[in-house]
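Notes follow the structure.
Read the figures in this text as sums done on the coordinates, not as results from a lab. As the structure is a computational prediction, the values presented were derived from the model and not from experiment. Counting neighbours? That spans all protein chains shown, and the Cβs are built from the backbone with ideal geometry, glycine included.
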């Protein structure tokens, strides 16, 4: 299911933005005027997922420098997210992170973005870059056993933000493709 070039499907989900009350609801409109890294992961208290979430969290300033927000999503509840965040890493938890996790417990958002594994009831490992006007500019979905590369996500984001033609292996500072 191709979403690139189309308006991002709307969403409304509870998040961990307020870990005490868990009453913060986020919508796509909350990100108008900013870039959004919107990524799905299969489940809390797993093995590959915390490596990705931690990697994104450690690079939050790089994303903020590019006027970009990050939102992670799984089909787990916000209560599960909170327990995972409050559990220390050495005890199988995630530990504190620098962006919220959202709960798609109804599975509606995962389905709308084409990443729901219907048989297992969990989201696949999908990532979407949504521009400030709410248009999906990048999408990738891959096997749950392989984590994403944060450097690559940053590279693609910077390429999209440049508005230019960026050849293979382009990195910031390199020349753009000339026509």
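Report the residue, chosen from 89, 61, 120, that carries the largest GNM mean-square fluctuation when the chain is represented by alpha-carbon nodes joined by springs under 10 Å.
120
As an exercise, use a Förster radius of 22 Å and the Cβ-Cβ distance of residue 87 and residue 112 to find the FRET efficiency, rounded to the nearest 0.05.
The value I calculate is 0.15.
For the chain, set up a Gaussian network in which alpha carbons nearer than 10 Å are linked by springs, and say which option among 106, 15, 68 fluctuates the most.
Of the options given, 106 has the highest mean-square fluctuation.
Mind sorting 142, 81 by how few other Cβ atoms lie within 10 Å of their own Cβ, fewest first?
The most exposed by this proxy come first: 142, 81.
Between residue 22 and residue 61, with labels modelled 7 Å along Cα→Cβ, what's the label distance in nm to one decimal, could you check?
It works out to 3.2 nm between the two label points.
Name the shape class, rounded, prolate or oblate, that the alpha-carbon gyration tensor gives for the stretch 18-111, where a ≥ b ≥ c are the square roots of its eigenvalues, rounded holds for a/c under 1.5, and otherwise prolate holds if a/b is larger than b/c and oblate otherwise.
oblate
Describe numerically, in nm with one decimal, the distance between label points set 7 Å from Cα along Cα→Cβ at residue 98 and at residue 142.
Going by the 7 Å Cα→Cβ label model, 2.3 nm.
Which residue, 139, 91, 161, has the most motion in a Gaussian network model of the chain that connects Cα atoms within less than 10 Å?
Greatest mean-square fluctuation among the candidates belongs to 91.
Most exposed first by the Cβ proxy, i.e. fewest other Cβ within 10 Å, how do 80, 110 rank?
Least crowded to most crowded, the residues run 80, 110.
Compute the angle between helix 49-58 and the longest alpha-carbon principal axis of the chain, please, reported from 0 to 90 degrees and rounded to the nearest 10.
60
Please arrange 16, 87 by counting, for each residue, the other beta carbons lying within 10 Å of its beta carbon, fewest first.
Least to most surrounded, the residues fall as 87, 16.
Using Cα pairs under 8 angstrom and six or more residues apart, how large is the relative contact order of the chain, in percent?
The value is 26 percent.
Can you give me the three principal axis dimensions of the chain from its C-alpha atoms, in Å, biggest first?
52, 32, 30
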